[in-house]
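Encoded as structure tokens, the structure appears first; notes follow it.
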Amino acid sequence: MSVLTQLPDAITSTIKTAMPHLQTVEAFPSRVDGSAQTAIYWAITGMDPGADPGDGRSCLLTTFEARVRVDPSVLQASLQAVTLAAQLMDLLRCQYWNLDAVGSATAVWAKPAGTAVDPTAKTEWTVQWQQSIYLGQEQWPWAKQPPGTLVLGFSPDTGPGHEGDYQSPEHLS
């Protein structure tokens, strides 16, 4: 199963668990109506090539955007919207969604949705972040050499007679 098919459930369930007071958490909504409920709607809004991990997988630097909404009739709705946006930002810190093929969330920011004169700007906030997503399988192109057999030698202590001077990369730190 691709990480892109696992991601919607992983993100949605993590947000629901961390923020149980939300009435709705929905990924890739087909339509966000004007219903007055406390909710977070989120989607992937962009993808760019990311840094090649060098292991056979492809990397996508993926941009996510979430809309935090609070019922405007709720007491202190604008404060609740700010608070929910801050809670989501805190949840994003060091977040991998329990998926091995996803990097930590970066470039996290939040701002009111709409404009300053738009009344929804007080009860709706946009939270955006980026994460690297790795597609495909890791590859080890040396079939006759299992992982972990690489050793390094440093001149002039290399070659025949210096086999005991070689070190594995794990022991160099």
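Since every read-out is calculated from the coordinates, none of them should be taken as a lab result. As the structure is a prediction and not an experimental result, all values here were calculated from the model. Glycine also receives a Cβ, built like all others from the backbone with ideal geometry; neighbour counts cover every protein chain displayed.
Structural descriptor for the chain: relative contact order 20 percent, calculated from alpha carbon pairs under 8 angstrom and at least 6 residues apart. For the chain, a Gaussian network of Cα nodes joined below 10 Å ranks Glu138, Glu163, Glu65 by mean-square fluctuation, and the top entry is Glu163. Which angle from 0 to 90°, rounded to the nearest 10, does the C-alpha axis of helix 77-92 make with the longest principal axis of the chain? Relative to the chain, helix 77-92 is tipped by roughly 10 degrees. When the charge dipole of the chain is built from unit charges on Cβ atoms (+1 for Lys and Arg, -1 for Asp and Glu) and taken about the Cα centre, the candidate among Gln37, Gln128, Val102 whose Cα reaches farthest toward its positive end is Gln37. For the stretch 17-91, the relative contact order is 25 percent, taking Cα pairs closer than 8 Å that sit 6 or more residues apart in sequence and dividing their mean separation by the residue count. GNM remark for the chain: springs join alpha carbons under 10 Å apart, and the peak mean-square fluctuation among Arg57, Arg31, Arg93 falls on Arg31.
Amide H contacts of Gly114 (H built 1.01 Å from N, in plane; Pro and chain starts excluded): no residue 5 or more places away or on another chain comes under 5 Å. Relative to the longest principal axis of the Cα atoms of the chain, the long axis of helix 3-18 lies at roughly 50 degrees.
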